[in-house]
Amino acid sequence: MSAPVRQPKVTEREARQVAEAARERDWHRPSFAKELFLGRFRLDLVHPHPLPAAEDVRRGEAFLAVLRDFCETRIDGARIEREARIPDETITGLKEIGALGMKIDPKYGGLGLTQLYYNRALALVGSASPAVGALLSAHQSIGVPQPLKLFGTREQKDAFLPRLARTDLSAFLLTEPDVGSDPARLATTAVPDGDEYVLDGVKLWTTNGVVADLLVVMARVPASEGHPGGITAFVVEADAPGITVEHRNAFMGLRGLENGVTRFHGVRVPAGNRIGPEGAGLKIALTTLNTGRLSLPAACAGAAKWCLKIAREWSGEREQWGRPIGRHEAVSAKISFIAATAFALEAVVDLASQMADEDRNDIRIEAALAKLYGSEKAWLIADELVQIRGGRGYETADSLAARGERAVPAEQLLRDLRINRIFEGSTEIMHLLIAREAVDAHLSVAGDLIDPDKSLADKARAGARAGGFYARWLPGLVTGAGQLPGSYGEFGALAGHLRYVERTSRKLARSTFYAMSRWQGRMELKQAFLGRIVDIGAELFAMSAACVRAELLRTTTDHGREAYQLADAFCRQARLRTEELFTRLWSNTDDLDRRIVDAVLGGAYTWLEEGVIDPSGSGPWIADASPGPSGKENVHRRLP
């Protein structure tokens with residue numbers, strides 16, 4: 001039996017350096033969210049609300065009509081939940097209507113939908129079956145098509161995109177049994193051998209990997225003569241010799257998800273299948289996720305809309321104490337939260353999607369905020385729906401139907417949505433990622449001042465840069481349009497909320513600056529503080545999107561009055577959450593929490609664990625991922 005694989009030994013500083021090197025450091029285009037964190041409310045970047053071109057609308061609406069019919073007639077969400085598998089005929093049907101190529105250029109056989117309509121399609125299909133939505137999203141948002149679109153050669157696009165548009169499913173393979181959000185420890189290797197690379201390693205949580213035809217694989221190329229090495233991206237044929245899908249994973253939700261464990265042993269990959277240069281793999285992955293992350297909040301917005309429908313219908317039908325439960329204040333507050341937040345989630349997704357389509361703004365922070373906010377709020381919405389439904393919310397749809405009631409899968413949605421707080425960057429990692437971008441301007445001018453490895457001369461130059469930057473920046477945080485009663489008057493009843501966003505963005509920037517001055521190099525350790533900073537920014541972004549969308553609907557639809565009501569309700573709720581977050585910036589239990597955790601991890605409270613039975617099975621916490629041949633059956637499933 002082989003010895004357990006040795007992960008690359010990486011210090012905390014080295015791990016940070018790997019992540020930092022993969023960041024897109026330059027800002028060539030404006031960013032609404034980046035400016036928001038700097039205390040500059042650039043409403044002109046999002047208002048008037050950007051709109052799609054007429055031809056994009058025609059093409060998108062035509063496909064949505066086809067997809068809606070397909071969802072209603074050929075997707076059986078209850079069957080997928082029962083059998084824990086998407087039927088082959090459903091996937092075949094998706095291929096037939098072109099759903100695999102929604103974002104692929106028509107010259108390669110795709111539909112060429114915009115990001116806006118792609119996300120609307122995912123929201124629609126995800127409401128029919130979250131597992132089908134996840135399959136399509138993993139294929140196009142982070143699978144082979146997106147990195148090829150951004151970084152692929154003409155030869156790679158010609159070879160793979162026609163297949164991916166109509167017949168072949170793809171998967172993205174980065175995570176390993178002992179590697180999650182810390183890619184510096186990536187153990188899968190790709191050793192150059194002539195005109196090929198030889199891949200060895202194990203990948204975990206390979207969404208679509210059980211049924212995929214093509215894979216994007218991240219592997220470490222060792223440095224050698226002629227090879228700079230580093231984490232590198234490859235397109236790999238899923239049926240190549242030496243690839244074994246060793247296990248299909250099962251989860252609390254998304255039971256139809258084709259997610260597994262894949263082993264590579266001596267897998268030969270042509271050098272022509274390498275995406276970008278050696279060492280660019282992590283940058284390619286992060287850049288792909290900049291817009292790819294928008295698919296997840298799109299699904300969350302769709303789920304929120306469904307929750308609103310069920311809450312409305314049920315709360316008007318069910319009576320307790322002489323009136324419909326929706327008329328009881330304890331329940332009505334929940335319904336108000338669901339309605340207002342569903343409006344805001346759709347506003348955030350549509351705004352960020354259209355900004356991505358226009359390509360005028362850098363939306364890396366907006367997309368990350370949309371993912372963070374959508375996943376957290378959709379989970380709360382689903383939880384509130386289960387509470388409104390009471391015992392029926394906890395009961396499965398099949399059980400409800402068996403005893404003669406409407407088969408409402410509320411508990412399934414709660415389980416299905418839970419993964420979104422982990423997928424494509426957990427909430428905790430998103431907080432750190434967004435916080436790093438939010439303080440980028442400060443670190444760019446003053447980072448050397450708190451870097452212990454910098455010389456006195458470097459620190460002196462940094463001090464001069466910082467002095468000039470802050471001399472210009474700090475005075476702008478004192479006053480602004482948010483203090484003028486007539487500002488943003490074109491928004492009518494919502495103008496006060498936009499004035500609040502402007503004032504609060506400056507307060508947020510001042511709080512960030514004060515924290516950096518106080519903690520300096522220790523700022524990166526204040527993760528709870530940084531998380532609250534990011535959550536405040538997310539609320540301000542969502543408020544902005546809600547107001548801009550309400551104004552758009554006022555001028556283009558018959559629902560302007562209702563949209564204003566929803567935006568007003570959302571902003572009032574968001575303001576309360578924001579004020580609480582500001583209070584908790586400086587009044588919290590963070591220091592106490594750290595002391596408690598030190599004691600917990602040190603075993604001081606093991607006596608508290610007595611008196612219970614641990615039902616966990618035996619075995620290691622992390623499975624052995626030693627390289628070598630597989631001793632298991634290949635459960636890769638070829639689709640028709």
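The values are calculated or read from the model by the stated rules, or taken from the named source; none is laboratory data. Note that the structure is a prediction, hence the values are computed from the model and not measured. Because the Cβ atoms are built from the backbone with ideal geometry, glycine has one as well, and the counts that use them run over all protein chains shown. Note: areas computed on protein heavy atoms with side chains; ligands, DNA, RNA excluded. Shrake-Rupley method; radii C 1.70, N 1.55, O 1.52, S 1.80 Å.
Of the conditions (1) open to solvent by 20 Å² or more (accessible area, probe 1.4 Å); (2) part of a loop (DSSP other than H, G, I, E, B), residue 408 satisfies every one except a single condition; which number is it?
(1)
When you scan segment 568-581, how many residues do you find that are surrounded by fewer than 20 Cβ atoms within 10 Å (Cβ to Cβ) and touching a Leu at 6+ places or on another chain (Cβ under 8 Å)?
1
Can you tell me which condition residue 559 does not meet? The list is (1) over 23 Å from residue 40 (Cβ atoms); (2) in contact with a helix residue (DSSP H, G or I) (Cβ under 6 Å, 6 or more places away or on another chain); (3) touching a residue at least 12 places away in the same chain (Cβ under 8 Å), and all the others hold.
So residue 559 meets the others, but not (3).
Within segment 453-495, how many residues are closer than 19 Å to residue 544 by Cβ and in contact (Cβ under 8 Å) with a residue 40 or more places away in the chain?
Result for segment 453-495: 11.
Might you let me know whether segment 331-354 holds any residue that is hydroxyl-bearing (Ser, Thr, Tyr) and open to solvent by 20 Å² or more (accessible area, probe 1.4 Å)?
Yes, segment 331-354 contains a residue that is hydroxyl-bearing (Ser, Thr, Tyr) and open to solvent by 20 Å² or more (accessible area, probe 1.4 Å).
Please specify each residue of segment 217-262 satisfying the condition of being open to solvent by less than 60 Å² (accessible area, probe 1.4 Å), part of a loop (DSSP other than H, G, I, E, B) and farther than 25 Å from residue 132 by Cα.
222, 229, 240, 242
Inspect all residues belonging to segment 232-239 and state whether any of them is touching a His at 6+ places or on another chain (Cβ under 8 Å), modelled with pLDDT of 95 or more and under 21 Å from residue 142 (Cα atoms).
yes
Of the residues that sit in segment 548-567 and are of a type in the set (D, E, K, R) and crowded, with 19+ Cβ neighbours inside 10 Å, which one is farthest from the chain's Cα centre (by Cα)?
In this case the residue turns out to be 554.
So which residues in segment 178-198 are assigned to a strand (DSSP E or B), buried (at least 24 other Cβ atoms within 10 Å of the Cβ) and not small (Gly, Ala, Ser)?
Across segment 178-198, the qualifying residue is only 197.
For segment 267-309, how many residues meet the condition of being surrounded by fewer than 21 Cβ atoms within 10 Å (Cβ to Cβ), aliphatic (A, V, I, L, M) and over 28 Å from residue 197 (Cβ atoms)?
So the answer is 1.
When you scan segment 208-224, do you find a residue that is free of Cβ contacts under 8 Å to residues at least 24 places away in the same chain and small (Gly, Ala, Ser), even just one?
yes
Among the residues of segment 58-94 satisfying the criterion of being surrounded by 18 or more Cβ atoms within 10 Å (Cβ to Cβ) and basic (Lys, Arg), which is nearest to residue 130 (Cα to Cα)?
Ranking the qualifying residues of segment 58-94, first place goes to 85.
So is residue 595 open to solvent by 100 Å² or more (accessible area, probe 1.4 Å), free of Cβ contacts under 8 Å to residues at least 60 places away in the same chain and of a type in the set (Lys, Arg) or not?
So residue 595 fits the description; yes.
So which of 415, 403 is closer than 26 Å to residue 531 by Cα and modelled with pLDDT of 95 or more?
Criteria check complete, one pass: 415.
Mind listing whichever residues of segment 85-110 are outside any helix (DSSP H, G or I), within 24 Å of the chain's Cα centre (by Cα) and among the aliphatic types (A, V, I, L, M)?
Passing the criteria: 86, 102, 104.
Restricting to segment 157-177, and then to whatever is in a loop (DSSP other than H, G, I, E, B) and either open to solvent by less than 50 Å² (accessible area, probe 1.4 Å) or free of Cβ contacts under 8 Å to residues at least 60 places away in the same chain (or both), can you tell me which residue is farthest from residue 136 (Cα to Cα)?
This residue is 177.
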